[in-house]
Amino acid sequence: MAHRDLRSWLGVGLVVVCAAACGSSSGGGATGGRGGGAGLGGVVGAGGGSDIQDGGASGGRGAAAGGAGAAAGSGGAGGAPGSACVEMPAPLRTSGTIVELTIDPVLGGQPFVYGEANVSPAGGTITPLNFRFYVSDVRLLTVAGDAVRVDVVTDAGSPAPYGVHLFNAEDASSRTLRVLAPTGAYTGMTFLLGLNDACNTSNFGERKPPLSDTSQMTWPPPFGYLFLRYESLLTAGGQGGDGGVAPTRSIHMGGLPGSLLAPVIRVDGQLAVAPGAAVRRSLRLAMEQIFLGTNTPADLTGVLLPPGNEVEAGERLRRSAPDLQLFTFGP
């Protein structure tokens, strides 16, 4: 979709809604209160929030209802109360073990290869032309049910800018998500598929990568960033069939600061972190689940988003993502 100045179609309503979204909300103001920000409430029909930002493991599938004024059940949401989006975040810890998670998109049990024609279980082929998404606020889950915050780090082991990782299918080095974790036995992890509210603001002209406008993940004000962007070429037979979920041609999943927030993703599975050498695991991304999310029915009436089928597909994915098994651990 060619993004344009949204004032031309939002008119005065933009001022009214932005005033609500940018004003105070329960538990954290414009930088992201606990749950799905109170400012817009029923006006936007915002997604439900999650207590995962306060340290519990409850923010996985089936996220809890958001803060006061938010509509419940529209998907998990993130935004640590009172957090700031700084280029060089202070590290949570100075020692630990690097955990390297290689993000591997798969389709029909086979690698989903960027830039090549992949056979679709629904028939035809899918050629991904643009595929990127943000990961932030990573937490490891303990047997006791605690969620341990960990730093997203660079390949040098230092905190990543803004505490954010950008997966870009065009860049092989971006396939590896690295975190610095304390030793222990973990039962899974959670993360935001996108950005918290502190970072999801439209001042990207002042930001450095991966939050600069070179990320190709920016939206016009008052919206912040795309959380996930996907575009593809479908050949005949690849738009439906009896062999699987119909693939979606384009997906632009984003949100509105203070209201439509990034979904919390939960990945279950044993993860042993021992002292010493880096721990390496695969983090498989099921494209069928992505397509399933974009095809999940949702009432988008009154939701303030840019126009376009790709945006509607993204909003359906944002709402359904906490209930889908998008990611699984591999070897």
TODO: Sort TYR114, TYR162 so the one with the fewest other Cβ atoms within 10 Å of its own Cβ comes first.
DONE: TYR114, TYR162
Task: Sequence-separation-based contact order of the range 102-329, relative, with Cα cut under 8 Å and 6+ spacing, percent - done: 24
- [ ] Could you tell me the convex hull volume per residue, in Å³, taken over the Cα atoms of the range 102-329?
- [x] 128
TODO: Subtract the Cα-Cα distance of VAL86 and GLU116 from 0.36 nm times their separation in residues, and report this length gain in nm to one decimal.
DONE: 7.1 nm
Open item on the list: Order these by the 10 Å Cβ neighbour count, fewest first: THR294, THR183, THR97.
Closed with: THR183, THR97, THR294
Task: Chain lengthening between ALA278 and LEU233 when straightened (0.36 nm per residue, less Cα-Cα) - done: 12.5 nm
- [ ] Using only alpha carbons, build the gyration tensor for the range 275-331 and give me the equivalent ellipsoid semi-axes, biggest first, whole Å.
- [x] 32, 12, 9
Task: Label-reachable residues, the range 257-292, where backbone N falls under 20 Å from a point 7 Å from THR94's Cα toward its Cβ - done: 275-276
Open item on the list: For ARG93, ARG284, ARG319, which order do you get if you count the other beta carbons within 10 Å of each Cβ and list the fewest first?
Closed with: ARG93, ARG284, ARG319
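Read-outs: derived from the displayed coordinates by stated rules, not from any lab. Predicted, not measured: the structure shown is a model, and the values here were computed from it. Every residue, glycine as well, gets a Cβ built from its backbone with ideal geometry; the counts of neighbours run over all protein chains shown.
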